[in-house]
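Colleague: Below you will find the structure I want to go over with you.
The values are calculated or read from the model by the stated rules, or taken from the named source; none is laboratory data. Everything numeric here is computed off the predicted structure, so don't read it as measured data. Positions of Cβ are backbone-derived with ideal geometry, glycine not excepted, and every protein chain shown enters the neighbour counts.
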Amino acid sequence: MSSPVQVAIHASQFPDNVRRDLLDSLRTRRVNHKFHYDSVKQTQQWLALHQAFSPSRTDADCAATYDRSFAAVAEVAARGVARRVHLIGLGCGGGQKDTRLLKLLQDSGRKAFYTPSDVSTAMVLVAWQAATAVVSPQDCFPLVCDLSSADDLPAVLDALPAPDAARLITFFGMIPNFEPQVILPRLASLLRPADSLLFSANLAPGPNYAAGVQRILPLYDNALTRDWLMTFLLDLGVAATDGELHFTVEDDPNGSSLKRVAAYFRFVSPREIQVDTQRFQFAAGESIRLFFSWRHTPALVRGLLGEHGLKVLDEWITQSGEEGVFLVSRD
């Protein structure tokens with residue numbers, strides 16, 4: 001019989017706060033991305049989608065690019081004085097990338113600890129299960145947390161076990177789904193002077209940024225993504241026939257040069273959504289934004305990070321130009 005797993009739940013994911021965020025999503029007609037990972041069903045849908053369309057799964061060079069970055073980080077760790085490394089996986093997803101990195105850190109002679117963190121308890125447990133093939137379960141500290149609203153997260157991370165370990169934070173596949181002005185200050189606040197951040201960004205391939213964003217649109221506009229995104233509305237009582245889901249490329253509404261892919265559900269007939277005693281009326285012709293994903297270039301990544309006191313130490317770009325991995329420290 002397997003032992004129970006202790007999972008820490010941050011207050012940002014307590015029921016009252018989750019309900020507040022859900023009501024805000026419906027009120028503003030802009031769905032918080034965390035609600036696409038809320039249930040076990042949605043977690044399984046996302047994992048299937050990731051397996052089918054993520055370049056890290058479908059492009060051998062992309063997987064090799066991550067492995068090159070992991071090998072470089074492990075080599076740096078092996079040369080360092082710290083004998084213990086605490087890998088903190090923010091937005092850990094299924095934990096496959098973190099697990100590969102943890103193995104290299106262990107192979108370099110370092111004692112590795114792991115904190116898989118995500119808004120989804122199911123996702124955190126998937127990552128925990130993957131990582132414990134490499135790291136002892138007592139050296140794993142699962143944390144369910146909403147990164148965008150957990151203002152005390154620096155203190156939470158500082159209070160985790162292994163305080164004397166060098167800290168490596170990973171942030172894979174997450175930066176596209178946050179507003180830059182929200183997530184970049186948060187990441188900067190988490191990095192102590194000696195910490196490292198390893199994160200990936202979805203890139204627009206080719207020399208023409210706008211054309212590159214259009215080129216990757218099919219990675220989003222497909223049946224698996226549609227099913228995954230629609231689960232949020234269907235679970236609230238919306239019928240698929242109530243409207244149409246469409247994907248578009250749009251400019252940054254805040255006026256920067258960034259572009260993103262966005263998904264909107266446009267109602268073709270009126271629909272009321274009720275959450276407890278709260279009622280939300282959607283008129284025919286009205287839309288709700290279900291999803292967005294920013295696309296960057298390496299130069300845009302370096303510029304955005306620099307605005308928040310973060311410096312790119314090294315980078316690894318796939319041959320396709322669709323994904324990049326960046327090693328970052330405080331400037």
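Colleague: From the residues in the range 126-169 that are closer than 19 Å to Arg83 by Cβ and of a type in the set (D, E, K, R), which one is modelled with the lowest pLDDT?
Modeller: Asp164
Colleague: A further question on this structure: For the subset of the range 314-331 comprising residues that are among the small types (Gly, Ala, Ser) and part of a strand (DSSP E or B), which member is nearest to Leu187 (Cα to Cα)?
Modeller: Ranking the candidates gives Ser329 first.
Colleague: Restricting attention to the range 246-254, does a residue exist that is of a type in the set (A, V, I, L, M, F, W, C), under 30 Å from Ala60 (Cβ atoms) and surrounded by 13 or more Cβ atoms within 10 Å (Cβ to Cβ)?
Modeller: Yes, there is a match, as at least one residue in the range 246-254 is of a type in the set (A, V, I, L, M, F, W, C), under 30 Å from Ala60 (Cβ atoms) and surrounded by 13 or more Cβ atoms within 10 Å (Cβ to Cβ).
Colleague: Please work out if Val328 is touching a residue at least 60 places away in the same chain (Cβ under 8 Å) and surrounded by fewer than 15 Cβ atoms within 10 Å (Cβ to Cβ).
Modeller: Taking the combined requirement at face value, the residue does not satisfy it.
Colleague: Working only within the range 275-296, note down all residues that are under 27 Å from Gly206 (Cβ atoms) and out of contact with any strand residue (DSSP E or B) (no Cβ under 6 Å at 6 or more places or on another chain).
Modeller: none
Colleague: Output yes when any residue across the range 9-16 is loosely packed, with under 14 Cβ neighbours inside 10 Å and not hydrophobic (A, V, I, L, M, F, W, C), and no when none is.
Modeller: yes
Colleague: Could you check the range 254-271 and list, in sequence order, the residues that are within 21 Å of Arg215 (Cα to Cα) and of a type outside the set (Phe, Trp, Tyr)?
Modeller: Ser256, Ser257, Leu258, Lys259, Arg260, Val261, Ala262, Ala263
Colleague: Then there is this: Which one of these does Leu229 not meet: (1) modelled with pLDDT under 95; (2) closer than 19 Å to Phe178 by Cα?
Modeller: The single condition Leu229 does not satisfy is (1).
Colleague: Could you count how many residues in the range 263-312 are surrounded by fewer than 18 Cβ atoms within 10 Å (Cβ to Cβ), touching a residue at least 40 places away in the same chain (Cβ under 8 Å) and part of a strand (DSSP E or B)?
Modeller: 6
Colleague: Tell me which residues, restricted to the range 206-231, are assigned to a helix (DSSP H, G or I), closer than 23 Å to Leu258 by Cβ and not small (Gly, Ala, Ser).
Modeller: Selection gives Tyr209, Val213, Gln214, Arg215, Leu217, Pro218, Leu219, Thr225, Leu229.
Colleague: Turning to a different aspect of this structure: Go through (1) outside the structural domain of Arg302 (by TED's automatic domain parsing); (2) touching a strand residue (DSSP E or B) at 6+ places or on another chain (Cβ under 9 Å) and name the single condition Ser196 misses.
Modeller: It fails just one condition, (1).
Colleague: Could you tell me whether the range 311-330 includes any residue that is of a type in the set (A, V, I, L, M), more than 24 Å from Cys62 (Cα to Cα) and at pLDDT 95 or above?
Modeller: There is no residue in the range 311-330 that is of a type in the set (A, V, I, L, M), more than 24 Å from Cys62 (Cα to Cα) and at pLDDT 95 or above.
Colleague: Condition check: over 22 Å from Glu75 (Cα atoms) and either surrounded by fewer than 18 Cβ atoms within 10 Å (Cβ to Cβ) or not assigned by TED's automatic domain parsing to the domain that holds Val182 (or both). Does Pro142 satisfy that?
Modeller: When the stated conditions are applied, Pro142 does not pass them.
Colleague: Please identify the pairs in which a residue from the range 25-38 that is over 13 Å from Met230 (Cα atoms) has its Cβ atom under 7 Å from the Cβ atom of a residue that is among the charged types (D, E, K, R) and in a strand (DSSP E or B), counting only partners at least 6 apart or on another chain.
Modeller: Arg29/Arg289; Arg30/Arg289
Colleague: Ok, one more. Based on this model, can you work out whether Thr241 counts as within 25 Å of Gln44 (Cβ to Cβ), of a type in the set (S, T, N, Q), in the same structural domain as Phe282 (by TED's automatic domain parsing) and surrounded by 15 or more Cβ atoms within 10 Å (Cβ to Cβ)?
Modeller: So Thr241 fails the test.
Colleague: Of all residues in the range 133-186 being assigned to a strand (DSSP E or B) and hydrophobic (A, V, I, L, M, F, W, C), which is nearest to Val5 (Cα to Cα)?
Modeller: Cys140
Colleague: While we're on this one: Does Gly80 meet the test of being in contact (Cβ under 8 Å) with a residue 40 or more places away in the chain and under 17 Å from Phe172 (Cβ atoms)?
Modeller: No; evaluated as a whole, the condition is false for this residue.
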